Amino acid sequence: MIPEPSGRLVYRCLHCAGEHGIEKLLYICPDCGSVLLLVDAQFDRLKDIPGSTWQKIFDYRRMLNLPALNGIYRYHEFIGPSIPLDSVVWLGEGHTPIVEASAYLQGRAGARFFFKNDGQNPSASFKDRGMASALSYINYLLAYGYVDEILAICASTGDTSAAAALYASYLHPRVKSAVLLPHRKVTPQQLSQPLGSGAMVFEIPGVFDDCMKVVEQLSENYNVGLLNSKNAWRILGQESYSYEVAQFFEYDMKNRVIMVPVGNAGNITALMSGFLKFYETGIIDDLPMIIGVQSVHANPVYRYYLEKHPEKRRFEPVHVSPSVAQAAMIGNPVSMPRVIRLADQYDRLAGERKVFVVEVSEQEIMDWHLVANRHGHVSCTHGGECLAGMVAAVRQGLVDDSHSVVLDSTAHALKFSNFQEMYFENRFPAEYEVSPKPELINAPVLVHPADLDAVPESGKPLAGESLDRFVSRVSDEIANRLDLKKV
Ligand SMILES: *Cc1c(COP(=O)(O)O)cnc(C)c1O
Ligand SMILES: [Zn+2]
């Protein structure tokens, strides 16, 4: 029940299949330069335990109060079996709520669905799952003397740097962090996060893809720990999302659909990898459908899968345009080789096509994002992108009445409130291609009756008759605006 270090994690190259030990931080294959995945060379041992026993183990661990098992490492044998529990860094990530949409909203969107609120992670995005894994591994390297200190570095569309800086700061002073952001392409909230965590913050002209090039150059030539999802530890930690969904639905994944926004494609990689592992060990009997969603302004993965014949598909990076799904504004996703490999394996094991990518407009993303939050959700724009994607999938007949859908709200609404503000104030620059729908606009109403000569100010409260008059006039005005009837 309480896991001990086990298995043998190795980096495996997706191109040449070469394997490399984990005592060193690796991001690309030292032989051929391709991306890596972490695999457990002894994974098959997990199949000796029946799936129903694994279910009991996870359900039992849910009742424990052991910090190391409170987060993603509840699924230790699947997340990072080599990591001893005393190296696990848990800052409250994981086990985010899965909230069913109201009957009204489901009716309006045309399918049964839930939001999984990954914005309720500590740095307010799903990136914390991957960072908990990457920094637990770094903590392990430090504790067991493989390294003395580490400068952790990443390029980011905002949320990676927030998560990296947070988890690195917990291990300060042995871990220090630096983040590279595209200048003016992250929201003020996202910028405040790494600054608050004490990271060195560098702003670079250009878009994320340019930052990524710089950070790759740094990680290949200098002694730094790269925390982008090129780092396979990130992927491993993000697999926890799949495990949590499976456990939430009592391991019944029949007719379920998982929708996820796709940027650098690390998250969709992790989703496929996670469900595959649970399927291969008999913990789930069905592989859910997985649908990636991209904006027309950043759609390289969608374009790749437009070609129906797998042997004719060719990957072409695209130039991105401004997107309200800003954290997914990526034209050349680092994890594309992983996606191609895993989607192929996923479809083959399922015996039918189960991985799809749909495309949505910026207008649809913004409208559905606002509609979701008008009905009880705290979805970010990327959650809105998922909902818009589900509506598109219903339209295309991919999703129907037999399905229930889990939408990934990858971050908290508050991180991207500037887009809501631009919508409400009709200030979207033309290149976004978003025009506000009047019925979705909301704005505060200032109540200051013209005939009031005295109103309270900070440090200068009203009293007596002038306070009475103020309260009565303002109440009347509000009652009037709300058309209230006297009791
Ligand atoms: C990083 C991020 C994405 C994109 O995820 P990838 O793994 O890069 O595909 C989507 N939404 C939010 C909020 C993110 O921070
Ligand atoms: Zn290789």
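The values are calculated or read from the model by the stated rules, or taken from the named source; none is laboratory data. This one's a predicted model, so the numbers in the text were calculated from it and none came from an experiment. Methodologically, a virtual Cβ is constructed for each residue, glycine included, from the backbone with ideal geometry; neighbour enumeration extends over all protein chains shown.
Brief remarks follow.
- Only one entry in VAL399, VAL434 is modelled with pLDDT of 95 or more, in contact with a Phe, Trp or Tyr (Cβ under 8 Å, 6 or more places away or on another chain) and surrounded by 11 or more Cβ atoms within 10 Å (Cβ to Cβ), namely VAL434.
- Members of the stretch 10-21 found to be surrounded by 17 or more Cβ atoms within 10 Å (Cβ to Cβ) and in a strand (DSSP E or B), listed by number: VAL10, TYR11, ARG12, CYS13
- Residue in the stretch 67-82 that is under 14 Å from GLY237 (Cα atoms), surrounded by 14 or more Cβ atoms within 10 Å (Cβ to Cβ) and within 16 Å of ligand 1 (Cβ to nearest atom) present: yes
Per-residue answers, yes or no, for (1) among the charged types (D, E, K, R); (2) closer than 26 Å to GLY33 by Cα; (3) out of contact with any Cys (no Cβ under 8 Å at 6 or more places or on another chain):
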| position | (1), (2), (3) |
| --- | --- |
| LEU135 | no, yes, yes |
| LEU141 | no, yes, yes |
| ALA155 | no, yes, no |
| TYR167 | no, no, yes |
| LEU171 | no, no, yes |
| TYR222 | no, yes, yes |
| SER229 | no, yes, yes |
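- Whichever residue in the stretch 335-354 is within 18 Å of ARG314 (Cβ to Cβ) and touching a residue at least 60 places away in the same chain (Cβ under 8 Å) and, among such residues, is surrounded by the most Cβ atoms within 10 Å (Cβ to Cβ): SER335
- Consider the stretch 22-40 and keep the residues that are closer than 29 Å to LEU66 by Cα and assigned to a strand (DSSP E or B). The one that is nearest to ligand 1 (Cβ to nearest atom) is LEU37.
- So ALA298, is it of a type outside the set (D, E, K, R), crowded, with 22+ Cβ neighbours inside 10 Å, touching a residue at least 24 places away in the same chain (Cβ under 8 Å) and out of contact with any Leu (no Cβ under 9 Å at 6 or more places or on another chain): yes
Residues checked against (1) part of a helix (DSSP H, G or I); (2) within 16 Å of ligand 2 (Cβ to nearest atom); (3) under 25 Å from LYS127 (Cα atoms):
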{"residue": "VAL405", "(1), (2), (3)": "no, no, yes"}
{"residue": "PHE416", "(1), (2), (3)": "yes, no, yes"}
{"residue": "GLN420", "(1), (2), (3)": "yes, no, yes"}
{"residue": "PRO436", "(1), (2), (3)": "no, no, no"}
{"residue": "VAL447", "(1), (2), (3)": "no, no, no"}
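- Filter pass, GLY7 being under 30 Å from MET336 (Cβ atoms), away from ligand 1 (no atom under 16 Å from the Cβ), part of a loop (DSSP other than H, G, I, E, B) and at pLDDT below 95: no
- Residue check, PHE470 surrounded by 13 or more Cβ atoms within 10 Å (Cβ to Cβ) and in contact (Cβ under 8 Å) with a residue 40 or more places away in the chain: no
- In the stretch 21-47, the residues that are within 9 Å of ligand 2 (Cβ to nearest atom), free of Cβ contacts under 8 Å to residues at least 40 places away in the same chain and not hydrophobic (A, V, I, L, M, F, W, C): PRO30, ASP31, GLY33
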